[in-house]
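Notes for the one structure printed next.
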Amino acid sequence: MAFGVKLMALRDWCRGVILPVSELIDIIRTATEQNRTEQNILDFGAGTLFWTKKLTFLYPESTIYAVDTFYAENEAKLPKTPNVIYLADIAATLTETDFALAWCCDVLHHISAENERGILTQMAAKSETIIVKDIDCTHRFGNFMNRMHDRYINGERIRDIDPKRVAALLESVGFAVEYRYLPKIWYPHFVLIARRSK
Ligand SMILES: C[S@@+](CC[C@H](N)C(=O)[O-])C[C@H]1O[C@@H](n2cnc3c(N)ncnc32)[C@H](O)[C@@H]1O
């Protein structure tokens, strides 16, 4: 992973081609109150900070917690941004902090099924709203194309994510879950918007 300006600009441009960025921004924008100063927003698996930057723009009064295992070894490379806290350990973060919104973009397919259960259960106990964006493995051709993308462009093997399984887990811990399907080119993007039931 790199934070170089030119490489980042190229990556951001590519995202605009393969990701439904404006639809996702609209979903995030309406997820919680934008001007509540005391609220914390979690960007789980924040990576190169593409979504962290959007979150600071959408929630200028909030504190954004950008959490990624990668940051443990790369603290010095991270940009100094007001209202952004960088952390590496999601379990410790969820033990210490409550969140108005937890945003999980393309991170679940990088963790084991066991870790997914543990992290989402802990996240549910500490968050009002959870948004999961990932690739819907039930769309087999698009899922295969995404696996190839991760394998040959990013050099990573990823796990299949079935949105029904993730939704059932969040429902079992007291969340009402809405599914949205947002395909782009051949990528079967899905979003789960999970709100704690009253
Ligand atoms: C495909 S990238 C997505 C990055 C970012 N969410 C985005 O959409 O641009 C997945 C990220 O999840 C991170 N990651 C994987 N397992 C993690 C874990 N257990 N805790 C925190 N971050 C993790 C990886 O280091 C990687 O940066």
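With θ taken as phi - 60° and the Karplus curve 6.51 cos²θ - 1.76 cosθ + 1.60 applied, the whole-hertz 3J(HN,Hα) list for the range 49-66 is 6, 4, 7, 4, 5, 5, 5, 5, 6, 6, 10, x, 8, 9, 9, 9, 9, 9 Hz, x standing for glycine and proline.
Fully extending the segment from Arg157 to Tyr179 would add 5.4 nm, taking 0.36 nm per residue of separation and subtracting the current Cα-Cα distance.
Let me have the relative contact order for the chain, percent, based on Cα pairs under 8 Å that are six or more residues apart. Relative contact order comes out at 18 percent. Every pair of different Cα atoms in the range 111-198 enters the Kirkwood calculation, which places the hydrodynamic radius at 13.7 Å. Run the count for the range 5-196, please: Lys pairs, Cα-Cα under 24 angstrom, 8 or more apart or on different chains. For the range 5-196, the number of qualifying lysine pairs is 18. Volume per residue of the convex hull around the Cα atoms, evaluated for the chain, comes out as 116 Å³. Amide H contacts of Phe99: Ser127, Glu128, each under 5 Å away and 5 or more positions distant or on a separate chain (H built 1.01 Å from N in the peptide plane; Pro and chain starts excluded). Give me the percent of DSSP beta bridges within the chain that run antiparallel, rounded to the nearest 5. Looking only at bridges with both residues in the chain, the antiparallel portion is about 45 percent. When each of the peptides 100-110, 134-144 is scored by the mean number of other C-beta atoms lying within 10 Å of its residues, the order from highest to lowest reads 100-110, 134-144. Taking amide H positions as modeled 1.01 Å from N, with prolines and chain starts lacking one, the residues under 5 Å from Tyr65 and 5 or more places away or on another chain are Ile41, Leu42, Asp43, Ile85.
Computed per residue of the chain from DSSP H runs no shorter than four, each worth -39500 (n - 2.57), the mean residue ellipticity at 222 nm is -11500 deg cm²/dmol.
If you take the Cα centroid of the range 165-187 and the Cα centroid of the range 1-62, the two points sit 19 Å apart. For the peptides 118-129, 24-35, residues were scored by their other Cβ atoms within 10 Å and the scores averaged per peptide; the highest-first order is 118-129, 24-35. The C-alpha atoms of the range 40-88 occupy a region whose extents along the principal axes are 29, 18, 16 Å, arranged from largest to smallest. Here the Karplus curve 6.51 cos²θ - 1.76 cosθ + 1.60, taken at θ = phi - 60°, turns the phi angles of the range 72-79 into couplings of 4, 9, 10, 3, 5, 7, 6, x Hz, with x standing for Gly and Pro.
Given their separation in residues at 0.36 nm each and the Cα-Cα distance between them, Met148 and Asn83 gain 19.8 nm when the chain is fully extended. How much net charge surrounds Thr95 when only other residues with a Cβ under 12 Å from its Cβ are counted (Lys, Arg +1; Asp, Glu -1)? For residues surrounding Thr95, the net value is -2. Multiplying the residue separation of Glu171 and Arg11 by 0.36 nm and subtracting their alpha-carbon distance yields 54.2 nm.
All of the numbers you see were taken from the coordinates with simple rules; none came from a lab. Quantities reported herein were computed from a predicted structural model and do not represent experimental measurements. Note: ideal-geometry Cβ built from the backbone for every residue, glycine included; neighbour counts use all protein chains shown.
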